[in-house]
1. Assign one of three labels to region 237-381, namely rounded, prolate or oblate, based on the Cα gyration tensor with a ≥ b ≥ c the square roots of its eigenvalues; rounded applies when a/c is under 1.5, prolate when it is not and a/b is larger than b/c, and oblate otherwise.
2. Just to check I understand the Karplus step: with θ = phi - 60° and J = 6.51 cos²θ - 1.76 cosθ + 1.60, what whole-Hz values come out for region 288-297, glycine and proline as x?
3. Apply the a/c threshold of 1.5 to the C-alpha gyration tensor of region 327-369 and tell me whether it is rounded, prolate or oblate.
4. Please identify the trypsin sites (Lys or Arg not before Pro) of region 259-291 that satisfy two criteria: DSSP loop assignment and at most 12 other Cβ atoms within 10 Å. Which are they?
5. Taking the Cβ of residue 303 as the centre, find all other residues whose Cβ is under 9 Å away and add up their charges (Lys, Arg: +1; Asp, Glu: -1).
6. In whole Å, how far is the Cα centre of region 383-448 from that of region 13-76?
7. Which cross-chain or sequence-distant (5 or more) residues have an amide H under 5 Å from the amide H of residue 403, H modelled 1.01 Å from N in plane?
8. Quote the Stokes-Einstein diffusion coefficient, in whole µm² s⁻¹, for region 203-271, based on the Kirkwood radius over alpha carbon pairs, a temperature of 4 °C and a viscosity of 1.567 mPa s.
Amino acid sequence: MNDLLGLFLVDLNRAMDGLNQSIDLGPEGMTQASLHARDLADALQSVNLPRHAEIAQVISRHLAAGRPGMEALTRELLGLVKEAIDALNGEQTDGDAATFPNQDQSISNLARSVSVFGEQPADFSSMAFQSSEDSSRSGSARSDADAESAVTEAEASEGVIDLEEVTGLMYFSGKETESPMARVPLSTELTGPDAIHVPKMTLHDRLYAFKTIQALDHEITKSATPELSHQTRLRLTDHANWILSLAQEPLQKRMVGMARAIELTGVRADADVIDYMISAMSVLPQPAAIKGSSQQQTLFVDLIDLHPDAESRQKASKIVQILAGRMDETADGLRLILPSSLSRLRVVPFVRGGLTYAISWAQFLRAEAVKGAEAGPPDLLGPTEGTRLCLRLKSGTEEISVYADEIRPFEVANAFLLPPSVEAPDWVAGVLVGASPEPVIWVVPASS
């Protein structure tokens with residue numbers, strides 16, 4: 001992480017400076033300050049400070065709404081961020097990871113302080129934050145797990161999805177009638193007065209909405225001023241993320257009978273993602289409990305008291321690979337980290353040989369600088385001569401290295417399946433369209 005800090009430091013400092021200056025303008029600067037706070041949140045995610053980023057996003061919403069009393073809290077956040085960045089820089093020069101100050105209590109207090117308009121304070125004890133490698137909490141590099149995984153040629157048992165016949169992206173092209181799941185009614189059952197206000201939406205309808213928002217974004221970017229374009233894009237992104245949830249189903253309801261205890265309240269995902277999750281779990285022994293949370297369009301699901309044999313673990317791993325996710329061992333069992341949707345997901349863009357690629361954020365472990373002029377061995381993209389960075393990924397249970405010239409800030413992008421007539425390598429799932437109107441190549445590494 002330290003080797004990559006400089007790649008994001010410019011964006012991070014620019015967002016901090018802009019936020020400071022906008023706050024000094026008083027009420028007239030609140031709209032601009034909200035945009036800088038959003039940029040700061042994105043930059044903090046990129047340097048593995050997810051708790052700071054979560055607070056920055058909440059502050060951004062308050063500033064956009066013109067809510068009073070945010071100036072002092074914003075400056076408190078900026079002080080914690082500066083302290084964190086200074087410590088990370090110090091680690092790089094001094095190699096003393098123990099000098100990082102303990103910010104746990106300060107961050108928790110600040111999270112409660114910004115939740116002054118009815119929001120539920122961020123639960124930093126949830127699996128979503130425990131699973132994120134927060135640079136402000138890790139004193140040393142994480143050790144590599146699963147140095148080798150058992151490989152089996154056994155075919156999937158009866159009732160399990162045939163992986164040779166499935167793309168894993170069944171909704172992203174064609175007409176609604178061509179989608180077998182389009183005829184399945186989506187659950188929108190809620191309790192309380194808000195239940196009647198929840199609209200129903202099919203996945204096909206949602207795809208159309210994403211395409212419309214994407215077209216608006218592209219047209220505004222071409223004709224508007226940079227400031228207006230940036231502000232409009234952030235609001236369109238919020239709208240797209242809200243639309244994403246409309247066609248999703250609650251895991252709590254779908255997982256009934258899969259374990260004795262289920263704690264998945266408020267966790268939602270696309271129907272196809274849940275179908276594949278159930279297929280993966282069907283080849284594993286039944287866990288004692290299932291617990292989960294979500295963050296940044298990503299699911300974190302723990303299967304408690306589950307220790308499968310190598311064969312069933314490998315079968316489940318292949319299904320998780322279809323979902324562009326990974327499967328980690330924990331002290332209590334297994335943890336599934338997956339995108340909550342395969343039509344809009346958080347990705348890590350990178351550049352290699354002049355082309356832009358992206359991989360699922362759920363599969364990203366870390367990135368490392370390639371020392372000296374050394375080139376890594378050929379990877380799934382081909383020769384790696386002259387590459388500066390190595391991305392450590394995990395697809396299912398298999399750890400994979402992909403080399404890059406440049407890594408770009410993480411973002412949320414819309415995903416589209418390549419038509420069957422287009423020939424592409426096995427690791428190309430389709431294309432992704434995010435902040436740039438130009439599509440990037442979606443890389444989904446899989447076991448050979």
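1. oblate
2. 6, 8, 10, 10, x, 8, 9, 7, 6, 6
3. Working: a/c = 4.72, a/b = 1.65, b/c = 2.86.
Oblate, because a/c is 1.5 or more while a/b does not exceed b/c.
4. Values: sites: 260, 268, 291; in loops: 260.
Listed in order of number, the matching sites are 260.
5. -1
6. 31 Å
7. It is 391, by chain and number.
8. Using the Kirkwood radius from Cα pairs, D works out to 91 µm²/s.
Read the figures in this text as sums done on the coordinates, not as results from a lab. Nothing here was measured: the structure is a model prediction, and the numbers come from that model. No Cβ is skipped: glycine too gets one built from the backbone with ideal geometry, and neighbour counts run over all protein chains shown.
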